[in-house]
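The structure appears below as structure tokens.
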Amino acid sequence: MDATQLAIEERVAEQHRHHKRATFFWVWGALLVMTAIEVYLTYQNLEPKRMLTILMGLSIIKAALIIGFFMHLKYEVSLMKWLTMCSVILCLLLMTYFFFPDAYRIVKLGVQ
Amino acid sequence: MSESALVPDVTSVYEPSLFGTYSKKIGMWLFLLSDSLTFGALLYAYSYGRISTPDWPTPFHSQSIVNATIMTAFLLTSSLTMVLAVRASVDGNQKLQRLFLLATMLCGVGFLILHAREWTNLIAEGLSLPAFPAAPGHKATGEFVDVAKTVPQFPATFFGLTGMHMLHVTLGVIYLGVIALRRKFIPILLVCWLAAWLGTPAYSPFHYGAHVLLLAAITISIILWLKPKLYDSSDVEVAGLYWHFVDLVWMFIFPLVYLMSAKIL
């Protein structure tokens with residue numbers, strides 16, 4: 001391996017040494033609490049659309065915590081953060097644009 | 001000539017990394033971005049089926065929801081132990097690093113066992129795919145026999161999505177096993193393959209699914225034979241990225257597939 005890579009690896013390891021372990025436990029606790037809220041809501045038999053909105057909202061928060069803290073993206077350089085997240089969100093938005101209008105159209109047409 | 005003059009300044013030859021990190025990590029991020037689109041497509045396919053099918057089943061009773069919640073807790077805990085393994089590796093504490101990696105693997109195996117139990121129960125109740133062989137001398141009479149016939153989109157998308165995730169978790173456990181134990185992991189993997197193959201009935205999807213472990217053992221043997229190395233903190237961090245991604249995907253599968261299709265009476 002070349003020296004540049006080794007130097008970068010050592011710098012990244014140094015960054016990791018500055019992170020407090022307690023933060024990881026807090027994130028883990030928050031993820032468990034949000035999961036418990038999701039399960040609690042399931043037992044409340046909410047209206048599906050409202051339930052879906054709340055569940056997806058919580059899932060996005062959970063995903064952000066995992067990506068930011070556990071996957072370390074919060075501490076990466078701006079270019080890495082923006083390029084990775086914007087590209088994947090753009091692709092998922094494109095999928096949404098193509099998939100869902102058609103699914104709703106089928107429902108509206110009353111196709112069984 | 002002084003000794004320092006003989007050593008070329010290698011760092012100055014290369015440009016600094018555009019993304020501020022090492023190439024292995026960037027490679028893993030690129031793989032995970034592409035993999036997120038694979039799971040995105042599967043989740044969208046499931047949601048599309050759900051929206052466009054009026055009689056979409058809600059087959060998950062309280063027992064399934066409790067089972068899936070424990071599975072989620074296993075994955076979340078495994079992410080914590082994984083991040084602690086990365087921390088131990090950058091601190092140079094090899095023993096603790098191995099311990100946390102093994103704890104992560106244990107949580108992953110717990111998740112897989114519960115998931116396999118869930119699949120087995122659903123198949124026994126009649127929720128199946130044409131690709132799954134029928135149990136000899138057993139006619140499906142369970143709760144979901146009609147579901148498999150009237151809404152075939154449900155078993156197709158359910159088994160497709162959760163099966164893909166199960167495969168990722170299995171490969172993740174194997175990946176961590178190689179990082180933690182290197183060559184010592186190969187015989188363990190072969191024993192697991194034999195146990196899974198011989199311990200499941202011939203009609204179970206896990207009977208032939210177990211061959212993934214054999215294929216992985218062969219692949220690992222070739223890789224470690226061609227490029228034997230000691231894995232350092234960067235390798236542990238890159239393996240961690242993969243493991244957290246598997247956890248991340250489940251954070252969407254759990255509510256969309258299980259909680260939105262719960263039958264709570």
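Table for the structure above
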{"quantity": "Using distinct alpha-carbon pairs, which all enter the 1/r mean, Kirkwood radius of the stretch B:60-137 in Å", "calculated": "14.5"}
{"quantity": "Helix-derived mean residue ellipticity, 222 nm - over chain B, DSSP H n ≥ 4, -39500 (n - 2.57), to 500", "calculated": "-23500 deg cm²/dmol"}
{"quantity": "Kirkwood hydrodynamic radius over Cα pairs of the protein assembly as shown, then Stokes diffusion coefficient at 25 °C and 0.890 mPa s, in µm²/s", "calculated": "108"}
{"quantity": "Reference-scaled alpha-carbon Rg (2.2 N^0.38 Å with N residues) for the stretch B:192-265", "calculated": "1.60"}
{"quantity": "Cleavage-rule hits (trypsin sites (Lys or Arg not before Pro)) in the stretch B:96-187: DSSP loop, at most 14 neighbouring Cβ within 10 angstrom", "calculated": "B:K139"}
{"quantity": "Sequence-distant lysines (8 or more away, or on other chains) whose Cα lies within less than 20 Å of A:K81", "calculated": "A:K62, B:K24, B:K25"}
{"quantity": "Residue-averaged 222 nm ellipticity for chain A, from DSSP H runs of 4+ at -39500 (n - 2.57), nearest 500", "calculated": "-27000 deg cm²/dmol"}
{"quantity": "The stretch A:1-76 pair-distance distribution - Cα-Cα, 10 Å bins, rounded %", "calculated": "16, 34, 23, 16, 8, 3"}
{"quantity": "Qualifying lysines (Cα of each under 19 Å from Cα of B:K149; at least 8 residues distant if same chain)", "calculated": "B:K139"}
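FYI, it's all coordinate maths here, none of it is from the lab. The structure presented is a predicted model; accordingly, all values stated were derived computationally and were not measured. Cβ coordinates were reconstructed from backbone atoms using ideal geometry, including for glycine residues, and neighbour counts include every protein chain displayed.
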